[in-house]
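Read-outs: derived from the displayed coordinates by stated rules, not from any lab. Note that the structure is a prediction, hence the values are computed from the model and not measured. Here the Cβ positions follow ideal geometry from the backbone for every residue, glycine too, while neighbour counts run over all protein chains shown.
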Amino acid sequence: MSALELRNVSKVYGEGANEVHALRGIDLSVESGALVAVMGPSGSGKSTLLTIAGSLEIPSGGDVLIDGVTVSAMSRNDRARLRRRSIGYVFQDFNLLAGLSALENVCLPMELDGISARKARVAGMEALEELGLADRASSFPDELSGGERQRVAIARAVVGDRHLLLADEPSGALDSANAESVIRLIRAACQRGVAGVVVTHDAQLASWADRVVFLRDGRVVDQTMPPAGPESLFAPEAKS
C-alpha cells in the first residue's frame, strides 16, 4: 500500500473568466521509504500539489489517500489529527511560533501527540544537532537567521513517528554545506520508512530522490530516475 496516493487530482481556483486550473488530472503514488522530487517552472502547480497532498486543501476533483484512507472522507478534526500525527510539513515561510525557542518549536508536535516532554526534548536535540543547530536550541525565531529558521522547520518536520514528509524548497535559503545536511536528514527519514515528497529547483537535492516528477501547467509531463546518485555529489555513504 502506498503511503500517499493522488488519483486523477485536479484543483480549480476561481470561477468563470477568473478560473485557474492549478492541477489537472494528477496521478502520483509514493511508497513508504521512497523520496520523490517534484520539479517544474513557477506556476506549474508544485506548491498546490503539496498542500493537497498534506490535506491542507481539498481537491476540486479526484481523491487523495494517505495510508490507504481517503482524505476527503475525513472530518476537519480528523484531518487536523492526521497532519499532527502523521505528516511533517516544511513550509517556505517556516511557520515557527515566535514565542517558543527553536527546541520548543521542534518538540511541540510530539508533545501535542502525547510524547513526554523528556523524550521529545531528546529527539528534538538530536535533530537540531544533525543540522548544526545544537547551540541555537534556546534561541527564539527572531534571533535566528533565515537559514537557521529553515533548518529548525525541517527538524520539526522529521522528528517523531511521521509517515509522510512534505517539503517546499527545503534547501532554497541555504548554502551548500547546510543544504547537504538538510538533504541527508530528509534521506535518513526516508530510510526509516517515511515517504518523502520535496518540491525543489535544486538539482543536487533532486539527485538524492528515487524518482523525479516534472510538472508543467498543472500536469505531470515526465517522471524519471535521477541521472546521478548522491554519491557522485557528496559522500559515498550517503545512500544505501
- Does any residue in region 82-108 that is of a type in the set (Lys, Arg) come within less than 7 Å, Cβ to Cβ, of a residue that is surrounded by fewer than 19 Cβ atoms within 10 Å (Cβ to Cβ) six or more places away or on a different chain, and which pairs are these? 84/112; 84/113; 85/113
- Query: Is there a residue being in a strand (DSSP E or B) and crowded, with 16+ Cβ neighbours inside 10 Å anywhere in region 67-80?
  - Reply: no
- Item | Filter result (assigned to a loop (DSSP other than H, G, I, E, B), in contact with a helix residue (DSSP H, G or I) (Cβ under 9 Å, 6 or more places away or on another chain), surrounded by 21 or more Cβ atoms within 10 Å (Cβ to Cβ) and not hydroxyl-bearing (Ser, Thr, Tyr)) within region 22-66 | 40, 54, 59
- Message: Just to check your reading of the model, which residue among 187, 219 is surrounded by 18 or more Cβ atoms within 10 Å (Cβ to Cβ), touching a residue at least 60 places away in the same chain (Cβ under 8 Å) and over 27 Å from residue 98 (Cβ atoms)?
- Response: 187
- Item | Conditions (1) of a type in the set (Gly, Ala, Ser); (2) without any contact (Cβ under 8 Å) to a residue 40 or more places away in the chain; (3) not in a loop (DSSP other than H, G, I, E, B); number of the one not met by residue 127 | (2)
- For residues that are hydrophobic (A, V, I, L, M, F, W, C) and outside any helix (DSSP H, G or I), scanning just region 130-154, find the one that is nearest to residue 167 (Cα to Cα). 131
- Task: Considering every residue within region 9-21, establish whether at least one is assigned to a loop (DSSP other than H, G, I, E, B), out of contact with any Phe, Trp or Tyr (no Cβ under 7 Å at 6 or more places or on another chain) and within 27 Å of residue 153 (Cα to Cα).
- Result: no
